[in-house]
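So the structure is just underneath, and the comments pick up after that.
The values are calculated or read from the model by the stated rules, or taken from the named source; none is laboratory data. Because the structure is predicted, anything quoted here is derived from the model rather than measured. Cβ: placed from backbone, ideal geometry, glycine included. Neighbour counts: every protein chain shown. Side chains are part of the model used for accessible areas, which takes the heavy atoms of the whole protein and leaves out ligands, DNA and RNA. Shrake-Rupley method; radii C 1.70, N 1.55, O 1.52, S 1.80 Å.
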Amino acid sequence: MSYRNIEQTYMGLLLLSSALWDPSHICVSPSLEFIWPHLSASKSYSLGLKFNCQQFCKGRSTLPGVLVCASRRPKGTIWRRKTLQQNEDLPPILPKNKKKPYPIPFKEIKQAGREDRKLAHMGIEKPLEPPKNGLLVPDLIPVAYEVFGAWKLLIKGLAQLLHVIPVHGCSECTEVHVAQTGHHIRDCSGTNGRQRRSSHAWVKGSVNDILVPIESYHLFDPFGRRIKHDTRFEYDRIPAVVELCVQAGVDIPEYPSRRRTNPIRILGRRVIDRGGNLEEPKPWRFADPSSLNDFDTYRASERFPLPSLSDLPKIAQETMSAYETVKKGVKKLMRKYTVKACGYCTEVHVGPWGHNAKLCGAFKHQWRDGKHGWQDATVDEVFPPNYVWHVRDPRGPPLASALRRYYGKAPAVVEVCMQAGAQIPEDYKPMMRLDIIIPDTEEARMIA
């Protein structure tokens, strides 16, 4: 059989199998073998197969030595186990002299804007679903209460654990370290770093060093008047997670929110019917400050006493579970409720559009007159993980700068809870690099 006939027969088999069955379920017996002839460089050849057969019919071979097996694609959903990498790198640190990337591709944003302008030009109102039309999503109200309860439990647990687990923070930058002493890794990016050769200036840390305080303006009506620069002091600032829970259905007497019964109407970018403007009540000005401290991290360690050493693992596990609940709940709420973040700084605003306070001091803020560059926020911007170096032996020698590529990292809450006796979730183990053996300094010099 010539090479051309072999090639035609092989292509016919592929077409027949792709038309009748799934190619991934076709297996050919080992009697089929490849031929690697001696080819000349001056001629062109095609790769052929040596068959001991002449014909096939509907998945059944009529020739000896050849077996063709075929099965149809299985029906139903195929569940595949999620595979975790052995070692996972941290997300890259974004440069400060550039704007953050858009979470949604810019082409999709422009396409949605064209569709809105097309509907507005035709005089058709924009179709909205809860919560985009001002109404609550009934299925997410229990999720909001669960996140709010877990947030308070998270603050309480961290305040108790910090009485036992030492936390250090750099006074010149945002670096945090959970160990008996600060590490010796020279990566300080604060002021006067060259004079200290990029060494950190360690001081005692607090809950705010573990849970980064991301605050947002509380709005009685998110679809009402925008916050202006001159009226920014008329609004209170609370944690962004709490404000997200309030707008999702959590009722806090000190921070009321407008609950609509009729949806709003939007034509293009203009709200044509919001049900009138109501006077915003401000009971938080006359409320007891102690009732507001339950969901605030300010001086949280002073509000909770030192726990007993026997209860420490239990508190650590409850704090770890509360952290996972808040993280998953915020992610679920942000799929429906709009949260905006500045593309240049860390400002976050919970609502359909950002505020007009001119407080941005990041890259090229003079060109924007201090206004924020609002875009859709991510979960890490609302609830930052705050990665710290993972310490395998908190009472051992401090981490060395020459061995930094062998160390792993973990969120600060996870690192504190782990040192207090909690179980490490599987999602964080690849990032912590637990399977890497840390060499000595002399051994690391001999490694290429």
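Restriction of the chymotrypsin sites (Phe, Trp or Tyr not before Pro) in region 225-327 to DSSP coil positions whose beta-carbon has at most 11 other beta-carbons within 10 angstrom yields PHE286. Positive contributions from Lys and Arg (+1) and negative ones from Asp and Glu (-1), summed over other residues with Cβ under 10 Å from the Cβ of ASP294, come out at +2. Along the axis of the charge dipole computed for region 106-443 (Cβ charges of +1 for Lys and Arg, -1 for Asp and Glu, origin at the Cα centre), the listed residues VAL164, PRO439, THR346 are led at the positive end by THR346. Note on LYS336: accessible area is roughly 90 Å² with a 1.4 Å probe, heavy atoms of protein only. Residue-wise HN-Hα couplings along region 326-337, as the Karplus relation 6.51 cos²θ - 1.76 cosθ + 1.60 with θ = phi - 60° gives them from phi, are 5, 5, 5, x, 5, 4, 5, 5, 6, 5, 10, 8 Hz; Gly and Pro carry x. Backbone amide hydrogens, once placed in the peptide plane, bring TRP374 within less than 5 Å of GLY343, excluding anything fewer than 5 places away on its chain. Are any of the pairs LYS99/LYS126; LYS96/LYS332; LYS100/LYS340; LYS331/LYS409; LYS110/LYS332; LYS132/LYS336 more than 19 Å apart by Cα-Cα distance, and if so, which? Flagged as over cut-off: LYS99/LYS126; LYS96/LYS332; LYS331/LYS409; LYS110/LYS332. Spin-label pair ALA112-LEU94: with each label point 7 Å from Cα along the Cα-Cβ axis, the two points sit 1.7 nm from one another. The 1.4 Å probe gives accessible areas that order ARG258, ARG197, ARG299, largest first, as ARG197, ARG299, ARG258.
Charge dipole of region 106-443 (Cα centre as origin; +1 on each Lys and Arg Cβ, -1 on each Asp and Glu Cβ, all else neutral): 1340 debye, rounded to the nearest 20. Simple spin-label estimate for ILE104 and LEU119 gives 1.2 nm between the two label positions (7 Å along the Cα-to-Cβ direction from each Cα).
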